[in-house]
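Trainee: Below you will find the structure I want to go over with you.
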Amino acid sequence: MGDEDVTPYSDKNVVITGGGAGMGFALAELLVDGGARVVITGRSQATLDAARHLGENAVAVRGDVASLPDLDALADRVKSELGSIDALFVNAGIARTTPFDSTTEEVFDEMLAINVKGAFFTVQKLAPLLSTGAGVVFTTSAANVIGMRDTSVYAAGKAALRSMARSFSRELLPRGIRVNAVSPGPIDTGILEKVMTGEAAEQFKAQVLADNPMQRFGTLDEFARAAAFLAFEATYTTGAEFAVDGGRTQL
Ligand SMILES: NC(=O)c1ccc[n+]([C@@H]2O[C@H](COP(=O)([O-])OP(=O)(O)OC[C@H]3O[C@@H](n4cnc5c(N)ncnc54)[C@H](OP(=O)(O)O)[C@@H]3O)[C@@H](O)[C@H]2O)c1
């Protein structure tokens, strides 16, 4: 007792896409509390408000990860705010549940533009700023290895991210940069209520609980600590995916 480091991230510069809400915000809080300087991104005013809540070590950059000009602007801003990046969390994502036979081209394109293209170009545009020994962490999903109904496009996009973590690991290895993925199972962030009505969301949640070995949702903190571990402490790990899912994809 007494000699625990309360600012383990005090010299760390961090970027979290989608850091203004849900799991990304919980991660931002953990890292800012631990002394990091954090840039969060998102499209909405809520993201800017979130940065004010986080305090003076957080900056919000408004932008859409599916827009390459926005990502160029993000890279410029990160360079001026942080100089270099020690941890990049590629976390922004949307979920749309839709049966495959009624999925529209519009929904297909939107989901893959944000969840896949956005992730790919986030890394490409920010890679020049990554420091030696930096960690990149993708947020994938348990859905990428489970055949769940109404999630084919979302799951395929997350499987693409899981694959990207491997390929980017190889390409960034010469610079000493590790690339991993954290794969959440159900974390109760309210993401479901954004895409389903109350009753449908309740039914979906009940099914998710019934299917989960631990019979509960994961907490925001459980996600945040796993993501931070991959970025900063898993120094002999690259190309891996770490499940934070109550055993859903393992048992
Ligand atoms: N919650 C779960 O159970 C769960 C499970 C597995 C995987 N995941 C994944 O975890 C990640 C975070 O999910 P969450 O539950 O925390 O979701 P959330 O509460 O809806 O937060 C998503 C964040 O992403 C941002 N975002 C969305 N589209 C964006 C875009 N085009 N450009 C920039 N930012 C964008 C949002 O900000 P703006 O609205 O301001 O753009 C928001 O800050 C996602 O990749 C999701 O697929 C979640």
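Trainee: What order do you get for T140, T104, T189 when you list them from fewest to most C-beta neighbours inside 10 Å? Could you put the intermediate results ahead of the total?
Mentor: On the way: T140 30, T104 10, T189 19.
The fewest-first ordering by Cβ neighbours comes to T104, T189, T140.
Trainee: From the helices alone, meaning DSSP H stretches of at least four residues, give me the mean residue ellipticity at 222 nm for the chain, per-run term -39500 (n - 2.57), in deg cm²/dmol to the nearest 500.
Mentor: -12500 deg cm²/dmol
Trainee: Wrap a convex hull around the Cα atoms of the range 67-129, take a quarter of its surface area, and give that in square nanometres.
Mentor: In nm², the orientation-averaged hull projection of the range 67-129 is 4.7.
Trainee: Taking amide H positions as placed 1.01 Å from N in the peptide plane, with prolines and chain starts having none, which residues 5 or more places from F89, or on another chain, fall under 5 Å of its amide H?
Mentor: Amide H neighbours of F89, under 5 Å, 5+ apart: V15, I16, T17, V137.
Trainee: Now, a different point. Determine the equivalent ellipsoid of the chain by diagonalising the alpha-carbon gyration tensor, then write out the semi-axes as square roots of 5 times the eigenvalues, largest first, rounded to whole Å.
Mentor: 27, 20, 18
Trainee: Starting from the Kirkwood radius over alpha-carbon pairs of the range 199-251, derive D by Stokes-Einstein at 37 °C in a medium of 0.692 mPa s and give it in µm² s⁻¹.
Mentor: 257
Trainee: Test of understanding: given the chain, find the longest segment containing no trypsin sites (Lys or Arg not before Pro) that are in a DSSP loop and have at most 13 other Cβ atoms within 10 Å.
Mentor: Working: sites that count: R149, R216.
Free of exposed loop sites, the longest segment is 1-148.
Trainee: Going through the cross-link list K158/K194; K125/K194; K125/K158, which pairs have a Cα-Cα distance over 24 Å in this structure? If you can, show how the numbers build up before the last one.
Mentor: Working: K158/K194 19 Å; K125/K194 29 Å; K125/K158 20 Å.
Going by Cα-Cα distance, K125/K194 fall outside the 24 Å limit.
Trainee: While we're looking at this one, here's another question. Summing +1 for each Lys or Arg and -1 for each Asp or Glu, what net charge is found among the other residues whose Cβ lies under 12 Å from the Cβ of N144? Intermediate values should be presented prior to the final figure.
Mentor: On the way: positive: K158, R162, R248; negative: E241, D245.
Counting the neighbours of N144, the net charge comes to +1.
Trainee: To continue, here is another question. Report the dimensions of the range 91-240 along its three principal axes from the alpha-carbon atoms, largest first, rounded to Å.
Mentor: The Cα atoms of the range 91-240 stretch 49, 36, 22 Å along their principal axes.
Trainee: Counting Lys and Arg as +1 and Asp and Glu as -1, what is the net charge of the other residues whose Cβ lies under 10 Å from the Cβ of A73?
Mentor: So the surrounding residues net to 0.
Trainee: So, one more: Please work out how much length the chain gains when fully extended from S84 to Q124, using 0.36 nm per residue of separation minus the C-alpha to C-alpha distance, in nm with one decimal. The partial results should precede the final answer.
Mentor: Numbers: separation 40, 0.36 × 40 = 14.40 nm, distance 1.45 nm.
Computed gain between S84 and Q124 is 12.9 nm.
Trainee: Can you tell me, using C-alpha contacts under 8 Å and at least 6 residues apart, the relative contact order of the range 13-243 as a whole percent?
Mentor: Once divided by the residue count of the range 13-243, the mean separation gives 21 percent.
Trainee: With only alpha-carbon atoms in the gyration tensor, what are the semi-axes of the equivalent ellipsoid for the range 1-146, in Å, largest first?
Mentor: Numbers: eigenvalues 156, 59, 42 Å².
Its equivalent ellipsoid spans semi-axes of 28, 17, 15 Å.
Trainee: Taking the Cα centre of the chain as origin, work out the dipole magnitude from +1 charges on Lys and Arg Cβ and -1 charges on Asp and Glu Cβ, in debye rounded to 20. Present the calculation step by step, with values, prior to reporting the outcome.
Mentor: Numbers: 22 positive and 31 negative charges, 124 e Å.
The dipole of the chain has a size of about 600 debye.
Trainee: Taking 2.2 N^0.38 Å as the expected size of a compact globular protein, what ratio does the Cα radius of gyration of the range 142-183 give against it, to two decimals? Working shown, then result.
Mentor: Working: Rg = 12.5 Å, N = 42, 2.2 N^0.38 = 9.1 Å.
Dividing the Cα Rg of the range 142-183 by 2.2 N^0.38 Å gives 1.37.
Trainee: Rank these for me by crowding, S169, S102, S163, S141, going from fewest to most other beta carbons within 10 Å.
Mentor: Ascending number of Cβ neighbours within 10 Å: S102, S163, S169, S141.
Trainee: Where is the GNM fluctuation largest for the chain (alpha-carbon springs, 10 angstrom cutoff): M196, M111, M23?
Mentor: Residue with maximal mean-square fluctuation among M196, M111, M23: M196.
Only the coordinates and a few stated rules stand behind these numbers; no lab work does. These numbers were taken from a predicted model, which means no experiment stands behind them. Using ideal geometry, Cβ is built from the backbone for each residue, glycine included, and neighbour counts are taken over all protein chains shown.
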